[in-house]
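Written below as structure tokens is the structure these notes are about.
The values are calculated or read from the model by the stated rules, or taken from the named source; none is laboratory data. Quantities reported herein were computed from a predicted structural model and do not represent experimental measurements. As a convention, Cβ positions derive from the backbone with ideal geometry for all residues, glycine included, and neighbour counts pool all protein chains shown. With ligands, DNA and RNA removed, areas are computed over all heavy atoms of the protein, side chains included. Shrake-Rupley method; radii C 1.70, N 1.55, O 1.52, S 1.80 Å.
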Amino acid sequence: MNLKSSFFEKTSRSIRIFHDEEFAAQQLSKQLGLLLPTDPARPVVIVCIGTDRSTGDSLGPLVGTKLKEKSLSHFHIYGTLKDPIHAINLKDTLKIIQKEFDNPFIIGIDACLGRMKSVGSVSLGIGPVKPGAGVNKELPPVGDIHMTGIVNVSGFMEFFVLQNTRLYLVMSIAELIATSIQYAYQTSRGPSVSLSSRSYRLEYEK
């Protein structure tokens, strides 16, 4: 879990879109498709970080579980409700990934606390996510790119805030992330997906 989006790499520019916007998944998938490796032989590994023991921090495992159900054969998923990736096993999991795959392209997915006006949004950008930063844990950064869902407000009693985050919001954000990845997968690896040409409200991190 991240504290807020300022923990992203300073060089990255993140796109933010809210879970309840019309055609949010299509637009997010379009932006994700631009960041995926152009070499189809390069393995794409998705690391979904979090735990099912905390409502707010369950975003990653929920996304991983949804992606497993979608059977994206060319994307490799780590972190589900059954087998979560968290502070205890993250380092070992990253070592396994590096041994298992040659030059993997890693997408780091995690929950995030941020500003009130950003709650309910998903950020997508270049550079790793830094899990544990919001709760003062020293964990390795994860990902060539990151996708994070801002599930609640930061700044005060973060553990309590995570425990009291609405499950409906976390589920909605997880569905958006998983669906956008599915669309991006189908566009790059499988049958084409028709994306609406209408404009979307995109917010950019400063």
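For this structure, a couple of remarks:
- Prolate/oblate/rounded call for the stretch 136-185, Cα gyration tensor, a/c under 1.5 rounded: oblate
- Difference of contour (0.36 nm per residue) and Cα-Cα distance, Thr38 to Met171: 44.8 nm
- Surface share of carbon and sulfur [accessible, 1.4 angstrom probe, percent] for the stretch 16-119: 50
- Residue-by-residue Karplus 3J(HN,Hα) for the stretch 97-111, coefficients 6.51, -1.76, 1.60, Hz, glycine and proline x: 4, 5, 6, 6, 10, 8, 6, x, 9, 9, 9, x, 10, 7, 7
- The distance separating the Cα centre of the stretch 47-70 from that of the stretch 93-153 comes to 12 Å.
- As a rough guide to protection, the peptides 66-72, 119-125, 36-42 ranked by mean Cβ packing within 10 Å, highest first, stand as 119-125, 66-72, 36-42.
- On full extension, the segment bounded by Asn89 and Phe159 gains 23.2 nm, given 0.36 nm per residue less the C-alpha separation.
- For the residue pairs Lys30/Lys130; Lys82/Lys117; Lys68/Lys95, alpha carbon separations beyond 29 Å are given by Lys82/Lys117.
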